[in-house]
Amino acid sequence: MTGLRSYGDPCGIARALDLVGERWALLIVRELLLGPKRFTDLRDGLAGASPNVLSQRLRELEGGGVVRRHKVGAPTYELTDWGRELHPLLVQLGRWGARSPVRPAGALSVDALMIALEATFVAGEAADLRATFELRLGEERFSIEVDRATITIARGAPRTPDAVIATDPATLRAVVFGDQKLADAPVELQGDRRIARTFFRLFARPRSTPGSTPAGSTPAG
């Protein structure tokens with residue numbers, strides 16, 4: 001941790017920001033929430049971060065006990081148990097930030113999109129639903145399990161999905177958050193098509209904070 005700037009404040013919030021408050025640090029955590037990644041994969045999800053900055057942040061997070069690095073084969077990075085405790089905090093932060101009236105024009109990374117699904121999941125829409133979805137986004141595969149009022153997302157294909165949804169990240173984002181109708185979108189549904197269509201009704205489009213002038217809301221993440 002030598003060289004890290006510190007608030008020098010014993011408050012737990014300040015101490016947390018000492019660890020993850022530097023630019024790109026929390027976004028690195030976001031990219032690792034669903035499982036380990038190689039450095040090149042992290043760069044793909046954080047295109048605005050230079051390799052030098054990304055390497056520095058990873059060293060800082062590793063030194064702080066938030067991230068660990070595996071050196072066997074191609075080095076990979078993953079969250080420690082302590083680092084994984086940030087998952088619900090980041091989902092809640094995504095909910096809060098999605099209400100901002102400022103909407104950057106950039107695309108969401110695939111992992112940011114998955115966290116956005118968690119953040120906008122409407123438990124009431126899944127009160128009687130128990131289903132497992134396989135989400136295929138190009139080469140990426142995700143298992144999404146809905147058990148009534150809860151949702152669990154994991155990297156990798158499930159063994160026996162009830163329905164399979166295949167599309168690209170931009171299309172999924174547009175359909176889920178209301179910019180495009182499912183019937184008009186390049187989305188392939190396999191398995192139980194009724195359950196597959198239900199998937200797209202499980203998420204809410206965030207609204208800007210009251211009294212603000214929305215420039216168009218955006219999904220969390």
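The values are calculated or read from the model by the stated rules, or taken from the named source; none is laboratory data. A quick note: this is a predicted structure, and the numbers were derived from the prediction, not measured. With ideal geometry, Cβ positions are generated from the backbone for all residues, glycine too; neighbour counts draw on all protein chains shown. Side chains are part of the model used for accessible areas, which takes the heavy atoms of the whole protein and leaves out ligands, DNA and RNA. Shrake-Rupley method; radii C 1.70, N 1.55, O 1.52, S 1.80 Å.
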Degrees between helix 87-97 axis and first principal axis of the chain (Cα, 0 to 90, nearest 10): 80 degrees
Accessible area (Å², 1.4 Å probe, nearest 10) - Phe177: 10 Å²
Ser6 accessible area, assembled protein chains, probe 1.4 Å, Å²: 80 Å²
Gap separating the Cα centres of the range 138-184 and the range 61-123, nearest whole Å: 18 Å
Tensor-based shape of the range 18-67 (alpha-carbon gyration tensor, a/c under 1.5 rounded, otherwise prolate or oblate): oblate
C-alpha long axis of helix 110-120 to longest principal axis of the chain, angle in °: 70 degrees
Pairs of Cα atoms farther than 27 Å apart, the range 25-155, %: 23 percent
The range 1-93: chymotrypsin sites (Phe, Trp or Tyr not before Pro) in DSSP coil with no more than 14 other Cβ atoms inside 10 Å: Tyr7
Estimated [θ] at 222 nm from DSSP helical runs (n ≥ 4, -39500 (n - 2.57)) normalised by residues in the chain, nearest 500: -10000 deg cm²/dmol
Among Ala183, Ala154, Ala131, residue whose mean-square fluctuation peaks in a GNM of the chain (springs only between Cα atoms under 10 Å): Ala183
Spacing of the two label points (7 Å from each Cα toward its C-beta) at Thr40 and Trp96, in nm: 3.7 nm
The range 84-167: trypsin sites (Lys or Arg not before Pro) in DSSP coil with no more than 16 other Cβ atoms inside 10 Å: Arg99, Arg148, Arg159
Rounded accessible area of Thr160 (nearest 10 Å², 1.4 Å probe): 110 Å²
